[in-house]
1. Restricting to the stretch 123-160, and then to whatever is β-branched (Val, Ile, Thr) and under 25 Å from ALA221 (Cβ atoms), can you tell me which residue is surrounded by the fewest Cβ atoms within 10 Å (Cβ to Cβ)?
2. How many of the residues making up the stretch 125-140 are among the polar types (S, T, N, Q), touching a Gly at 6+ places or on another chain (Cβ under 9 Å) and modelled with pLDDT of 95 or more?
3. Within the stretch 163-170, does at least one residue satisfy the condition of being over 15 Å from TRP207 (Cα atoms) and of a type in the set (Val, Ile, Thr)?
4. Among the residues of the stretch 161-174, are any more than 16 Å from PRO209 (Cβ to Cβ), out of contact with any Lys or Arg (no Cβ under 7 Å at 6 or more places or on another chain), free of Cβ contacts under 8 Å to residues at least 60 places away in the same chain and surrounded by fewer than 17 Cβ atoms within 10 Å (Cβ to Cβ)?
5. Only one of VAL26, VAL9, VAL105 is hydrophobic (A, V, I, L, M, F, W, C), surrounded by 10 or more Cβ atoms within 10 Å (Cβ to Cβ), at pLDDT below 70 and in a helix (DSSP H, G or I); which?
6. Check TYR195 against each of (1) surrounded by fewer than 20 Cβ atoms within 10 Å (Cβ to Cβ); (2) among the hydroxyl-bearing types (Ser, Thr, Tyr); (3) touching a helix residue (DSSP H, G or I) at 6+ places or on another chain (Cβ under 6 Å) and name the one condition it does not meet.
7. Of the residues in the stretch 39-96, how many are among the basic types (Lys, Arg) and at pLDDT 75 or above?
Amino acid sequence: MDKRQDKKVNKVYNILITVVVLLIVVVGATIFLGNNDEPASQKADTNPESNQSATNKEDEADKEEADKEETAMNEDEQASENEDEEGQDQDQNADQDSSESEDAVESEKVEETASDGNVEEAYSDPSWKPVGTEQSGEHVTQYEKGSTDWNEMEQAIAYGAGIDQSNMTLWYLQNGGEPNKAIGTVSPKDGSSTYRVYIEWVDGEGWKPTKVEKLIKNDKAS
């Protein structure tokens, strides 16, 4: 009788032990599977943050590039403004130098005696030089239009009058009272003023202006 009861008790114990073991296994599996789900969830949660971080980096890179382009444009504009200012300064300096040069030329003029009553102003300039020549040998004045001597006389007359030869009208060219002297009456093409220019020949160096008379009216215009 006791043996049967012992067997029953052992059987019950075995069943209880089995149940407990199964419970332990189930609980352990539940805990283990729960832990595996949590990292996956965390990983899933961290993906949006990674994407957002990448997007932010791209935005920052775009902003930096835009800032660089804007800075480069500003530097180009500043450089252009500096060049404009330098150009204006150079122009002003050139104008000032030109004005000073004109003043210097004016100060070198020497008043001369007028040859008649049609003269507004008569002057000479010690800085005048011969204009050069292509001629050689003994010089003979040539009043033939288009000849080398004629062309060189025109050049000297334009030089003395202060008129660009391409913008000059030669009204009259005549002997100056001596073989190597001549007188030309000229004006700019717009006729705004008229000059009587006296020139003389310098051997080996060409014609040189010696006196200029600014006329009240053009006495050679036909």
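1. Going through the stretch 123-160, the residues β-branched (Val, Ile, Thr) turn out to be 131, 133, 140-141, 148, 157.
If we keep only those that are under 25 Å from ALA221 (Cβ atoms) as well, we get 141, 157.
On the way: THR141: 17, ILE157: 28.
Looking at residues that are β-branched (Val, Ile, Thr) and under 25 Å from ALA221 (Cβ atoms), I get THR141.
2. Our first condition is that a residue be among the polar types (S, T, N, Q); within the stretch 125-140, this holds for 127, 133, 135-136.
Applying the additional criterion that residues be touching a Gly at 6+ places or on another chain (Cβ under 9 Å) yields 133, 135-136.
Imposing the further condition that a residue be modelled with pLDDT of 95 or more reduces the set to 133, 135.
Counting residues in the stretch 125-140 that are among the polar types (S, T, N, Q), touching a Gly at 6+ places or on another chain (Cβ under 9 Å) and modelled with pLDDT of 95 or more gives 2.
3. Yes, there is a match, as at least one residue in the stretch 163-170 is over 15 Å from TRP207 (Cα atoms) and of a type in the set (Val, Ile, Thr).
4. yes
5. Details: VAL26 fails: at pLDDT below 70; VAL9 fails: at pLDDT below 70.
Going through VAL26, VAL9, VAL105 in turn, just one is hydrophobic (A, V, I, L, M, F, W, C), surrounded by 10 or more Cβ atoms within 10 Å (Cβ to Cβ), at pLDDT below 70 and in a helix (DSSP H, G or I): VAL105.
6. Only one criterion is unmet by TYR195, namely (1).
7. Step one: of the stretch 39-96, the residues among the basic types (Lys, Arg) are 43, 57, 63, 68.
Those left that are additionally at pLDDT 75 or above: 63, 68.
Number of matching residues: 2.
The values are calculated or read from the model by the stated rules, or taken from the named source; none is laboratory data. Model, not experiment: these values are computed from the prediction. For neighbour counting, all protein chains shown are included, and Cβ atoms are generated from backbone atoms with ideal geometry for every residue, glycine included.
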